[in-house]
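Student: Next up is a structure, given as structure tokens.
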Amino acid sequence: MLKENVAKVLSDQINAEFYSAYLYLAMSAWADQTGFKGFANWLRIQAKEEMAHGTHIYEFLLDRDYLPEFDAVKKPEGSWKNLVEVYEHVLKHERYVTERIDNIATVSMKESDHASYNFIMWYVNEQVEEEATANEILTKLKLIGDNVSQIYTLDTEFASRTFTDPFANASTT
Ligand code: FEO
């Protein structure tokens, strides 16, 4: 039986994942409108991954016989000065998500909820990747600076990113 405090932090995380999707979709729209179609594609795929995360947590809660709660999704920001600012925001946001995930792991551990702890460990590892990727792109963008041709080389690279469902071959655990 899922303890109420574990269920609550997991349920809240569904909302947080969908907010992440909203934020990255807003960034994607901005990038598209600004002329960076490849970055727009990268961010749109990022949004899809966040929706997959949210749905995965939702399925876990249902499997554990808990009815998830659906709060309103906060409105994301809609514009950024440049791509460096976008990826500074991505990195800051992923660091915030890591804190939330770590808290879920801590609450699960304190309650000796091994199934929830095991479940959330996938996200603990995923956050290492999420932060590393955002940091890598941000570092590149800072190095490139105002070099338009190099920005467009990166844009072309990101245009080829495709979506792979991270849970395509997995159950909820
Ligand atoms: Fe759902 Fe970007 O972490």
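Student: If I model a spin label at Asn135 and Val148 as a point 7 Å from the Cα along the Cα→Cβ vector, what separation in nanometres do I get?
Tutor: So the label points at Asn135 and Val148 sit 3.3 nm apart.
Student: Could you tell me what fraction of 2.2 N^0.38 Å the Cα radius of gyration of segment 1-81 comes to, as a two-decimal ratio?
Tutor: 1.29
Student: Another question about this same structure. Only helices at least 24 Å long along their axis, Cα-based, and averaging 1.6 or more on Kyte-Doolittle count here, so list those DSSP H runs from the chain.
Tutor: Flagged H segments: there are none.
Student: Still on this model: Lys3: which aspartates and glutamates have alpha carbons under 16 Å from its alpha carbon, excluding same-chain residues fewer than 8 sequence positions away?
Tutor: Asp12, Asp63, Asp65, Glu69, Glu111, Asp113
Student: Which of Ala40, Val97, His53 sits farthest toward the positive end of the charge dipole of the chain, with +1 on the Cβ of Lys and Arg and -1 on the Cβ of Asp and Glu?
Tutor: Result: Ala40.
Student: Under a cut-off of 20 Å between alpha-carbon atoms, report the lysines in cross-link reach of Lys8, not counting same-chain residues fewer than 8 places apart.
Tutor: Lys74, Lys110
Student: Modelled label-to-label distance, Lys110 and Glu4, 7 Å Cα→beta-carbon offset: nm?
Tutor: Inter-label distance under the simple model: 1.5 nm.
Student: Then there is this: Quick one: putting +1 on the C-beta of Lys and Arg, -1 on the C-beta of Asp and Glu, what dipole do you get for the chain around its Cα centre, in Debye to the nearest 20?
Tutor: 360
Student: So what is the diffusion coefficient of the chain in µm² per second by Stokes-Einstein at 20 °C and 1.002 mPa s, using a Kirkwood Rh over Cα pairs?
Tutor: 126
Student: Determine the calculated [θ] at 222 nm for the chain from helices alone, applying -39500 (n - 2.57) to every DSSP H run no shorter than 4 residues and normalising by the residue count; nearest 500 deg cm²/dmol.
Tutor: -26500 deg cm²/dmol
Student: While we're on this one: Using the Cα centre of segment 81-149 as the reference point, and only Cβ charges (+1 on K/R, -1 on D/E), how large is the resulting charge dipole? Debye, rounded to the nearest 20.
Tutor: In total the dipole reaches around 180 debye.
Where a number appears in this text, it was derived from the coordinates with a stated rule and is not lab data. These numbers were taken from a predicted model, which means no experiment stands behind them. For neighbour counting, all protein chains shown are included, and Cβ atoms are generated from backbone atoms with ideal geometry for every residue, glycine included.
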